[in-house]
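Taking it in order: structure first as structure tokens, then the write-up.
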Amino acid sequence: PELVRALGPVPGGGAWIVASGRVRVLDAALHLAWTSPAIAADALDARGAGSPDGRRVILADGDTIASVDAVARRELARRSLASCGGAALAVAPDGAQVAVLDRAAIRVLDTRTLAEVGSAAIATEDAAERAIAWASATELVAIAGADVVRWRPGAAALELTPIAHATAIAVDGGQVYVGRADGTVLRRSLGALGPGARRRPATAAPTCTPD
């Protein structure tokens, strides 16, 4: 038995899953059609996310990130994450970029090449969970410790709004939903996160050292 860490559809039928540190593609009858090379050294720490159209799958653990084409069934790129700890992932609505939230920063990578196109330092090592989501095609929201962070990649500043005990985040239209450790869910409009937020310069992400 394998623990399925992530799941999504594949165009034309079928599905992709992340299990045992690999991406596995299932055909329309849900039979195994392809398995990627091993990507995540720590299979239990592996995270996966897919593009909305199901074509691109991103898999990461604390040290490595890889991009897989689930239709062509091949690995596109792989790079080191510089030992920045377990990462939360979110693929942009157009599938072109993936946001990676690790213990040191938000990093935005091209989903095909995994080249870094932007980053902002933000410490998350004290967070119980790491979570990140695209609020729109050009804006991200994430959990960093006791704050919900709002950032437009390329912008000069991050906006931090305090929300205690946050563990999960999701966006639907202009509404941001924040799950908390006590089992409650808060709903805020995206616009409501701006007024009164602390602003912090979006400095480049640091290089991490092994834990």
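Oblate is the label for the range 1-100. Its Cα gyration tensor axes, ordered a ≥ b ≥ c, give a/c of at least 1.5 and b/c at or above a/b. Return the carbon/sulfur percentage of the accessible area of the range 138-210, one whole number, probe 1.4 Å, all protein chains in place. That share works out to 55 percent. The HN-Hα couplings worked out from phi for the range 25-41 by the Karplus form 6.51 cos²θ - 1.76 cosθ + 1.60 (θ = phi - 60°) are 9, 9, 7, 4, 8, 6, 8, 5, 10, 6, 10, 6, x, 4, 10, 9, 5 Hz, whole numbers, x standing for Gly and Pro.
Using a ≥ b ≥ c from the Cα gyration tensor of the range 1-57 (square roots of the eigenvalues), is it rounded, prolate or oblate, where a/c under 1.5 gives rounded and otherwise the larger of a/b and b/c decides, a/b for prolate? It comes out prolate by the Cα gyration axes. Stretching residue 113 away from residue 185 to a fully extended chain increases their span by 22.3 nm, per 0.36 nm per residue minus the current alpha-carbon distance.
Can you run the Rg to Rh ratio on the range 65-211? Use alpha carbon positions and the Kirkwood inverse-distance Rh. Ratio of gyration radius to Kirkwood radius: 0.96. Given R0 = 25 Å, the distance between the Cβ atoms of residue 2 and residue 156 translates into a calculated FRET efficiency of 0.05. The Cα atoms of the range 68-109 give a gyration tensor whose axes a ≥ b ≥ c have a/c of 1.5 or more with a/b no greater than b/c, which makes the shape oblate. Whole angstrom only: what separates the Cα centroid of the range 76-95 from the Cα centroid of the range 26-42? Cα centroid to Cα centroid, the span is 18 Å.
Per residue, the average separation of C-alpha pairs within less than 8 Å and at least 6 apart gives the chain a relative contact order of 12 percent.
Net charge in the neighbourhood of residue 153 (other residues with Cβ under 10 Å of its Cβ; Lys, Arg +1, Asp, Glu -1) is +1. A 1.4 Å probe run over the protein chains yields, for the range 102-211, 49 Å² of accessible area per residue, whole-number rounding.
For residue 97, the residues whose modelled amide H falls within less than 5 Å of its own, excluding neighbours fewer than 5 places apart on the same chain, are 92, 111.
Would you work out the charge dipole size for the chain about its Cα centre, treating the Cβ of every Lys and Arg as +1 and the Cβ of every Asp and Glu as -1, and quote it to the nearest 20 debye?
Around 360 debye, computed over the chain.
Here's how it looks for residue 23: its modeled amide H is under 5 Å from those of 36, which are all 5 or more places away or on a different chain. Based on C-alpha pairs under 8 angstrom that are at least 6 apart in sequence, the range 93-155 has a relative contact order of 25 percent.
Quick query: amide H of residue 163 versus all other amide H atoms, modeled in the peptide plane; which residues come in under 5 Å with a sequence gap of 5 or more or a different chain? So residue 163 has HN proximity to 147, 148.
The values are calculated or read from the model by the stated rules, or taken from the named source; none is laboratory data. None of these values were measured; they are calculated from a predicted model. Virtual Cβ from ideal backbone geometry, glycine too; neighbours counted across all protein chains shown. Keep in mind that these areas ignore ligands, DNA and RNA; they rest on the heavy atoms of the full protein, side chains included. Shrake-Rupley method; radii C 1.70, N 1.55, O 1.52, S 1.80 Å.
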